[in-house]
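K.L.:
Here it is: the structure, laid out below.
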Amino acid sequence: MIGSDAYNYINVLQKAADASWLRNTILSNNLANVDTPNFKRQDVQFETYLIGQMAGGDTMDSYVDDMDLSTLSATIYTDNSNLSYRSDGNNVDIDTENAEYAKNQIKYRVMTDSISQEFSRLRTAMGK
């Protein structure tokens, strides 16, 4: 993380990209265990934490400025641990996982592109 107010958006985008990367890892693990008996699907929670951090501001700048990024991180949780789609106790649906994986890859690319655009804006503002 970069320690300057000029980089607030970049720091938030970095946290979101990190959460998306973690989610890719978790979704890959779900796909790898689609045939493992009693395996329970896992997922990552981040967006609700981000929304919670953005409460209280009246402009995007104030939302970002008021965030405590040291407490903003993704958590892994087991999804529907009591639910099983099959008789072997596994609750991973391969079609759902593939769709979520593809959606998350797009989200990750958007985050990294946004970070690049923020750095480009800063370079332009500095006249370089």
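K.L.:
For the chain, take the longest principal axis of its alpha carbons; what is the angle in degrees between that and the long axis of helix 94-125, to the nearest 10 within 0 to 90?
P.N.:
Rounded to the nearest ten degrees, it is 10.
K.L.:
May I ask you to give the solvent-accessible area per residue for the range 34-126, in square angstrom, as obtained with a 1.4 angstrom probe? Intermediate results must be reported in sequence, preceding the final value.
P.N.:
Working: 5990 Å² over 93 residues.
Averaged over the residues of the range 34-126, the accessible area is 64 Å².
K.L.:
Where does the charge balance sit around Thr96 when Lys and Arg score +1, Asp and Glu -1, over other residues with C-beta under 11 Å from its C-beta?
P.N.:
Cβ neighbours under 11 Å give a net charge of -4.
K.L.:
Turning to a different aspect of this structure: Roll a 1.4 angstrom probe over the protein heavy atoms and tell me the percent of accessible area of the chain that is carbon or sulfur.
P.N.:
Ligands and nucleic acids excluded, carbon and sulfur reach 52 percent.
K.L.:
Can you give the helix-only mean residue ellipticity at 222 nm for the chain, where every DSSP H stretch with n ≥ 4 adds -39500 (n - 2.57) and the sum goes over all residues, rounded to the nearest 500 deg cm²/dmol?
P.N.:
Per the formula, -18500 deg cm²/dmol.
K.L.:
Hey, another quick one. What size of dipole, in debye to the nearest 20, comes out for the chain about its Cα centre when the only charges are +1 on Lys and Arg C-beta atoms and -1 on Asp and Glu C-beta atoms?
P.N.:
400 debye
K.L.:
A further question on this structure: Using the Cβ atoms and a cut-off under 13 Å, what net charge is assigned to the surroundings of Phe39, where Lys and Arg are +1 and Asp and Glu are -1?
P.N.:
-2
K.L.:
Could you calculate the FRET efficiency of Glu47 with Tyr85 from 1/(1 + (r/R0)^6), where r is the beta carbon distance between them and R0 is 22 Å, rounded to 0.05?
P.N.:
Working from the Cβ atoms, E equals 0.30.
K.L.:
With a Cα-only, solvent-free Debye model of the chain, what are the log10 I(q)/I(0) values at q = 0.12, 0.13, 0.17, 0.21 Å⁻¹?
P.N.:
The calculated log intensity ratios at q = 0.12, 0.13, 0.17, 0.21 Å⁻¹ are -0.57, -0.64, -0.91, -1.16.
The values are calculated or read from the model by the stated rules, or taken from the named source; none is laboratory data. Quick caveat: nothing in here was measured; it's all calculated off a predicted structure. Here Cβ is always computed from backbone atoms with ideal geometry, including for glycine, and neighbour counts include all displayed protein chains. Side chains are part of the model used for accessible areas, which takes the heavy atoms of the whole protein and leaves out ligands, DNA and RNA. Shrake-Rupley method; radii C 1.70, N 1.55, O 1.52, S 1.80 Å.
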